[in-house]
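To start, the structure itself, in structure tokens.
The values are calculated or read from the model by the stated rules, or taken from the named source; none is laboratory data. Since the structure is predicted, the reported quantities are computational estimates derived from the model, not experimental observations. Note: ideal-geometry Cβ built from the backbone for every residue, glycine included; neighbour counts use all protein chains shown.
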Amino acid sequence: MSRIRFAVAASTAVLVAAAGAGSALAATPTLKGTDGPGFTITFSAKTVKAGKHKIVISDKSSIHNFHLTGPGVNKKTSVGGTGTTTWTVTLRKGTYKYVCDPHASAMKGSFKVT
Ligand SMILES: [Cu+2]
């Protein structure tokens, strides 16, 4: 009888451990950025939690780009290029800025990582 109770307790512990591992392996959060087709640049969040993220950029214009800078990150799409670009980045606490390089005074924004 005590042997059966031990087996039940042990299998419950394995299930709890497996559930914990599952949440640690949860999908990487995805953020989205766009530039164009007009003189617009957008980002999908104002505040983001620190950690690993996928950032999907939709570059919709051959006269604009999306340039992201901040702690540990400096990534950009090409001005002449268009299409979808995916970056996997580790965001740290601080402020991240994004601009279109040729029109940085007008096409810009920022978000905070907490
Ligand atoms: Cu531009």
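Being among the small types (G, A, S), exposed (fewer than 13 other Cβ atoms within 10 Å of the Cβ) and either at pLDDT below 95 or within 16 Å of the ligand (Cβ to nearest atom) (or both) narrows it down to one residue among G80, G51; which is it? Matching residue, one of G80, G51: G80. You will find that of G33, G38, the residue that is within 15 Å of the ligand (Cβ to nearest atom) and surrounded by fewer than 13 Cβ atoms within 10 Å (Cβ to Cβ) is G38 and no other.
Say we look at region 94-114 and pick out the residues that are part of a strand (DSSP E or B) and within 12 Å of the ligand (Cβ to nearest atom); which of these is nearest to the chain's Cα centre (by Cα)? Once the filter is applied, the top-ranked residue is Y98. One residue alone among L91, L68 is at pLDDT 95 or above, crowded, with 19+ Cβ neighbours inside 10 Å and within 16 Å of the ligand (Cβ to nearest atom), and that residue is L68.
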